[in-house]
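The values are calculated or read from the model by the stated rules, or taken from the named source; none is laboratory data. All values derive from a computational prediction rather than experimental measurement. Counting neighbours? That spans all protein chains shown, and the Cβs are built from the backbone with ideal geometry, glycine included. These area figures cover heavy atoms from the full protein model, side chains too; ligands, DNA and RNA do not enter into them. Shrake-Rupley method; radii C 1.70, N 1.55, O 1.52, S 1.80 Å.
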Amino acid sequence: MLQVIPVPAFSDNYIWLVHDESSGQTVVVDPGDAAPVLEELQARAWRLHQIWNTHWHPDHTGGNLALKAATGCTISGPDSPRIAGEDVALREGSEVRIGDHVGRVIEVPGHTLDHIAIIFDEQQIAFVGDTLFAMGCGRLFEGTPEQMFASLHKLVGLPDQTQLYCAHEYTLSNARFAAHSEPNNAAITARLAEVERLRAAGEITLPTSVAQERDTNPFVRAASVETFASLRAEKDSFR
Ligand SMILES: [Zn+2]
């Protein structure tokens with residue numbers, strides 16, 4: 001059994017703590033900031049074994065060196081000189097381990113060129129960084145629309161119940177854009193209301209699931225890469 005705990009950071013990041021009870025091992029995914037991670041580890045009396053980075057952006061890697069210094073953890077991520085303290089370079093087909101659980105790495109370029117996602121098939125969970133967000137997707141800082149569209153489809157090709165752990169709380173803004181782009185989609189209308197309720201109560205809207213994204217994510221639902229590209233451009237300036 002893997003336990004996954006959100007650690008909020010900055011204004012809207014989630015750093016995910018992953019804990020395996022049988023081995024006692026703990027991993028942190030995308031620690032942009034060390035302090036809240038160390039606090040949570042201490043509160044739970046968990047010892048950090050590893051960091052997994054999905055991409056190099058500082059809000060995902062900024063805590064790497066401080067956590068490594070404090071805990072002696074190892075750092076794995078895409079092969080990039082911009083990932084501080086990296087010990088293990090991951091690429092398509094690489095494996096990561098926590099206790100007896102084996103996760104597989106897929107490459108999902110688009111937000112950055114060397115973005116990866118980590119999938120635990122047996123547990124039906126995936127850490128997707130800034131590639132897919134609930135009802136949205138990451139901005140195209142480095143990659144092309146073709147790359148991002150293909151990456152999103154790799155993720156929503158996972159089984160329906162797969163839980164997707166995204167790295168930001170962007171769901172409300174994404175839901176408003178989704179309702180604007182698909183005004184007659186009842187699943188989107190219902191999810192927007194639910195997300196409004198959760199956020200008004202200060203609650204997290206993640207993880208999401210593959211099934212929910214297939215039904216309510218306009219970027220996933222786009223019929224062609226051209227439609228995807230125009231949606232992405234429109235969302236960049238949507239308020
Ligand atoms: Zn990013």
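May I ask what percent, to the nearest 5, of DSSP beta bridges between residues of segment 62-172 are antiparallel?
Close to 65 percent.
Could you work out the local net charge near LYS235, counting Lys and Arg as +1, Asp and Glu as -1, over the other residues with Cβ closer than 11 Å to its Cβ?
Value of the local net charge: +2.
So what are the three principal axis dimensions of segment 71-205 from its Cα atoms, in whole Å, longest to shortest?
Result, largest extent first: 47, 33, 28 Å.
Highest mean first, what order results for 94-100, 24-30 on Cβ atoms within 10 Å?
Highest-to-lowest ranking by the protection proxy: 24-30, 94-100.
Would you mind pulling out the separation of the Cα centroids of segment 186-225 and segment 84-100, in Å?
30
Take the solvent-accessible surface of the protein heavy atoms, probe 1.4 Å, and return the percent of it on segment 64-222 that carbon and sulfur atoms account for.
Ligands and nucleic acids excluded, carbon and sulfur give 50 percent.
I'd like to check one number: the per residue accessible area of the chain, probe 1.4 Å, reported in Å² as a whole number.
42
About the Cα centre of the chain, what is the dipole size in debye to 20, counting +1 per Lys and Arg Cβ and -1 per Asp and Glu Cβ, all else neutral?
340
In segment 1-59, with Lys and Arg counted as +1 and Asp and Glu as -1 at Cβ, which of these residues, LEU2, SER23, TRP46, has the Cα nearest the positive end of the dipole, that is, farthest along it?
Of LEU2, SER23, TRP46, it is SER23.
Under 10 Å, Cα contacts only: if you run a Gaussian network model on the chain, which one of HIS101, HIS168, HIS115 comes out with the highest mean-square fluctuation?
Residue with maximal mean-square fluctuation among HIS101, HIS168, HIS115: HIS101.
Give the percent of DSSP beta bridges with both residues in the chain that are antiparallel, rounded to the nearest 5.
Percentage antiparallel, nearest 5: 65.
Using 5 Å bins from zero, what percent of all Cα-Cα pairs in the chain falls into each bin?
Spelled out per bin, shortest first, that is 1, 7, 15, 19, 20, 17, 11, 7, 3, 1, 0.
Only four residue types carry charge here, +1 at the Cβ of Lys and Arg and -1 at the Cβ of Asp and Glu. Report the dipole size of segment 1-118 about the Cα centre in Debye, rounded to the nearest 20.
The calculation lands at about 200 debye.
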